[in-house]
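A short worksheet on the structure shown next.
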Amino acid sequence: MDSSLFKITSLNLNGIRSATSKGVEAWLDRQRPDCICVQELKAQAGDIAGRFEQLAGLQGHFHFAAKKGYSGVGIYTRHEPSDVRVGYGCSEFDPEGRYVELRFDTPARKLSIISAYFPSGSSGEERQQAKFRFLANFHPHLMQLKAEREFILCGDINIAHNQADLKNWRSNQKNSGFLPEERDWMSRLLHESDPGGGLVDVYRHLQPHTTDECYTWWSNRGQAYANNVGWRLDYHLATPAMARLARTEHIYRAEKFSDHAPVTMGYEFSL
């Protein structure tokens, strides 16, 4: 990947202690991203202290869940942010540790990089309803942000948007992650002319037609990973001006740090 590009990686760690034991730090050392947005830390502040404040020379900023061993997001960055926003102002979901935003503002530019972890509804109806509440609640936040600044949101969205984004789309139409309501939410968010849209799925901006190559998550059941029975759940969502700067995309599968694969995009800008 071109070293002149600004590289941003998104990775659901499925536990920071687990992922580091599987070599993610050495990989980061070799890849040298400018920024890595991580989800599912499964750690509290005390677990991070003295061990994970930095990874591969990148400084971490975190949003921890109140519940132990649950959720949590972070951004490790080479560059000092002008501001750090922890949570997005939601009394129901902020205690779950789902949102951290780093601002890199200058007199000439307002720019945010965000790590977000959307709820999963796969454990049952109660969590699916919580997921729907999150989507309804998070949408106006994104629209307000888009009206005020440029941003790139990286995260585990827990939604496969289209049929090309998962292997077994026919049998998953009634399953969380591929429900019509979830997909409609994504379609509206990415709609070019809908006033409630205007964001860009950066991977699809660069790779509109891939299927088997696009997956970022595989179930631990059966031989899903070996047979590439996957889903694309991890995204870069950007304002149009930032999406236009995207030049390269890469989903790394040579090593397995988690049940998710790292998704890296190279953007033609610098901080």
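Numerical summary
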quantity: Among (1) assigned to a strand (DSSP E or B); (2) open to solvent by less than 30 Å² (accessible area, probe 1.4 Å) - the single one H61 does not satisfy; calculated: (2)
quantity: Extreme residue, farthest from F257 (Cα to Cα), among residues of the range 188-218 that are open to solvent by less than 30 Å² (accessible area, probe 1.4 Å) and part of a loop (DSSP other than H, G, I, E, B); calculated: G196
quantity: Selection within the range 27-55 - small (G, A, S) and open to solvent by less than 20 Å² (accessible area, probe 1.4 Å); calculated: A43
quantity: Candidate set from the range 111-123 (those that are open to solvent by 10 Å² or more (accessible area, probe 1.4 Å) and either touching a residue at least 24 places away in the same chain (Cβ under 8 Å) or touching a His at 6+ places or on another chain (Cβ under 7 Å) (or both)); member that is nearest to V73 (Cα to Cα); calculated: Y117
quantity: Subset of the range 1-26 (residues that are open to solvent by 20 Å² or more (accessible area, probe 1.4 Å), of a type in the set (A, V, I, L, M, F, W, C) and farther than 15 Å from M265 by Cα); calculated: A26
quantity: Residue that is nearest to M265 (Cα to Cα), among those in the range 234-246 that are part of a loop (DSSP other than H, G, I, E, B) and open to solvent by 10 Å² or more (accessible area, probe 1.4 Å); calculated: L245
quantity: Cβ pairs under 6 Å, 6+ apart, first in the range 88-110 and within 16 Å of A65 (Cβ to Cβ), second part of a helix (DSSP H, G or I) and not aromatic (F, W, Y); calculated: Y88/H141; C90/N137
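The values are calculated or read from the model by the stated rules, or taken from the named source; none is laboratory data. Small disclaimer: the values here were computed from a predicted structure and weren't measured. Using ideal geometry, Cβ is built from the backbone for each residue, glycine included, and neighbour counts are taken over all protein chains shown. For the accessible areas, the whole protein counts, side chains as well, though only heavy atoms, and no ligand, DNA or RNA atoms are used. Shrake-Rupley method; radii C 1.70, N 1.55, O 1.52, S 1.80 Å.
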